[in-house]
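A short write-up of the structure that comes next.
Here, each number is a calculation from the coordinates, and none is a lab measurement. Since this is a predicted model, take the numbers as computed values, not measurements. No Cβ is skipped: glycine too gets one built from the backbone with ideal geometry, and neighbour counts run over all protein chains shown.
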Amino acid sequence: MELIDHLDLLATAPDGIKRLRGLILELAVRGKLVPQDPADEPASELLKRIEVEKARLVREGKIRKAKAVEPVGEDEQPFDLPESWCWARLSEIALLNPRNDANDETEVSFVPMAMIATSFDGKHEQEPRKWKEVKQGFTHFAEGDVGVAKITPCFENSKACVFSGLHSGIGAGTTELHIVRPIPGTLLPRYVLAYFKAPMFLLVGETRMTGTAGQKRLPRDFVELNPFPLPPLPEQHRIVARVDELMALCDRLEAEQTDASEARARLVDALLATLTASRDAAECAANWQRLSTHFDTLFTTEASITALKQTVLQLAVMGRLVPQDPTDEPASELLKRTEAEKARLVKEGRIHKSKAVEAVGEDERPFEVPAGWEWGRFAQVAKVGGRLVDATQFPDRLQVAPDCIEKGTGRLTEKRTVAQAGVRGPNQQFRAGQLLYSKIRPSLSKAVLVDFDGLCSADMYPLDVHIEPRFMLLQILSEVFLNQVRIAENRVKMPKLNQESLNAFLVCIPPLLEQHRIVAKVDELMALCDRLKAYLATARDHRARLADTLVQAALEAA
């Protein structure tokens, strides 16, 4: 299979560009990226020349004689090599972790881990230092050496480089590196870099790391002794040139994808803005119809579908989602009945009298609501209820905390008991029909309407709602409401949204019958969004499987 024929297809798979880069490197070190040239001196002869050169360096006292190592046995060879290649070990063909020597006042390069790239170009940044400042307590390296990170997660992230452009030709840096110094004229540093960055080396190396979680390291003997596929020297040059060429293609594909993605995101934002700018439900329906014919090309990411869902919520609370019915009882009558009912409960001693609510001023209203709607305060339509109890006294009761609620959707993702949650200390009782709203950062877009009795985290408000609770849930999750949350957060600089701020928030109140129609329409449109998301996941899985097949075929091709 000619790899370049499938670059576009592989690139569109999940993590496609990353996987494509890995495939290029894998093919490179397996001898399948460029054709072999029978005129090349075989690697076996190269290996002999390396042995002769190392023996000379030992005689001259420039290096120490290395311990003999066992040849790479057939049972160690992970794949077949081209005929002109041979298996070796890096300790045979290069110097490992050598030391430098220089005058203390010599200016050298200092390279901490943060300055080492993860990309194949093998670049790094550097700082000038005096040799006396870095010669002790740091790893030594020289021009042309290859460094590979040995600590997690830097190793798994493919931090490795070829040191170049060093001050005075030498340097020192992070101790979390293994250094390989190729013998000049025998081993190309950037071919070694390809080996270190190939998925084969990374995946096997990850299994050989030792140490505790967060501090695992790649042992030196793995770098020294892991089977190394050695090509003829001319082929090493051809491989590196081909890798550079294909990586440049990947760069262009990545840039094109980024540009296309950013352009699509801007287009989606603009088209969704036309929906929210609709003057009424009829105009919104027409704009929606025009948009829906392009759903399959516009909404191709989870982020775009999430933006569509949020737009639906915003349209719902702005009164643009369904047409108004002039026969509906206006919201003002609903509010009068709500106030009368609260007054009755206060008179009967069943609730405390609430503070007077400040009327919503004209200058506070962010947009005009339809006829029959009213602007009100949160405290007019909802009241914080609930009673703190010792959760350990109710081990079998269902318990809800912010981590059980999906952000921005109002969906409960998990049902668990107090015992299963391991709750200790106070929780609030709630009952079926209440809304539970998280009051902590960063969970202020988490709310759920419960249909069961239970306990909730003290970081949640159980809410008694005097309007259609499902509409109130939509309101809480909408940008209209969340914008007020953000302002309150910035103003009070507190980790929790206090009740005083919550009670003062503005809410849109439609006629009760319209609230029911809005909820039904939102359910319909959210189901559409969920189908888009499911289609997207299916398409992504299909592309991933196809990419896996192509990658496997490329690796198996002779």
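Dipole of the chain computed with +1 at Lys/Arg Cβ and -1 at Asp/Glu Cβ about the Cα centre; of ALA520, VAL34, GLN399, farthest Cα towards the positive end is GLN399.
The angle between the Cα long axis of helix 233-276 and the longest principal axis of the Cα atoms of the chain comes to about 10 degrees, rounded to the nearest 10. One chain, two ends: LEU345 and ARG531. Fully extended at 0.36 nm per residue, the span grows by 62.5 nm beyond their Cα-Cα distance.
Taking the chain as the reference, fit the longest principal axis to its C-alpha atoms, fit the long axis of helix 512-556 to the helix C-alpha atoms, and give the angle between the two in degrees, 0 to 90, nearest 10. With both axes taken from Cα atoms, the answer is about 10 degrees. Its Cα centre serving as origin, the chain has a Cβ charge dipole (Lys and Arg +1, Asp and Glu -1) of approximately 1960 debye.
Ranking request for peptides 273-286, 53-66: highest mean number of other beta-carbon atoms within 10 Å first, then the rest in descending order.
Numbers: 273-286: 14.5, 53-66: 12.2.
Per-residue mean Cβ counts within 10 Å order the peptides as 273-286, 53-66.
Positive end of the dipole of the range 41-231 (Cβ unit charges, origin at the Cα centre): among PHE79, GLY165, GLY185, the Cα lying farthest that way belongs to GLY165.
Helix 16-30 and the long axis of the chain differ in direction by around 20°, with both axes built from C-alpha atoms.
In percent, what relative contact order does the range 248-341 have, based on Cα pairs under 8 Å that are 6 or more apart in sequence? Intermediate values should be presented prior to the final figure.
On the way: 42 pairs, mean separation 29.4, N = 94.
Value for the range 248-341: 31 percent.
Relative protection proxy for 107-118, 535-546, from highest mean packing down: 107-118, 535-546 (other beta-carbon atoms within 10 angstrom).
With r as the distance between the Cβ atoms of ASP121 and ALA39 and R0 = 41 Å, compute the FRET efficiency 1/(1 + (r/R0)^6) and round to 0.05.
Working: r = 30 Å, r/R0 = 0.73.
Efficiency at R0 = 41 Å is approximately 0.85.
For ASP548 and GLU76, the FRET efficiency from 1/(1 + (r/R0)^6), where r spans their Cβ atoms and R0 equals 30 Å, is about 0.70.
How much length would be gained if the chain were fully extended between ARG387 and ALA270, taking 0.36 nm per residue of separation minus their Cα-Cα distance, in nm to one decimal? Each step should come with its number before you reach the end.
Numbers: separation 117, 0.36 × 117 = 42.12 nm, distance 4.59 nm.
Roughly 37.5 nm would be gained on extension.
Order of 27-34, 96-103, 363-370 by packing, highest average Cβ count within 10 Å first?
In descending order of packing, they fall as 27-34, 96-103, 363-370.
Using R0 = 35 Å, the C-beta based FRET efficiency linking GLU105 and THR212 works out to 0.30.
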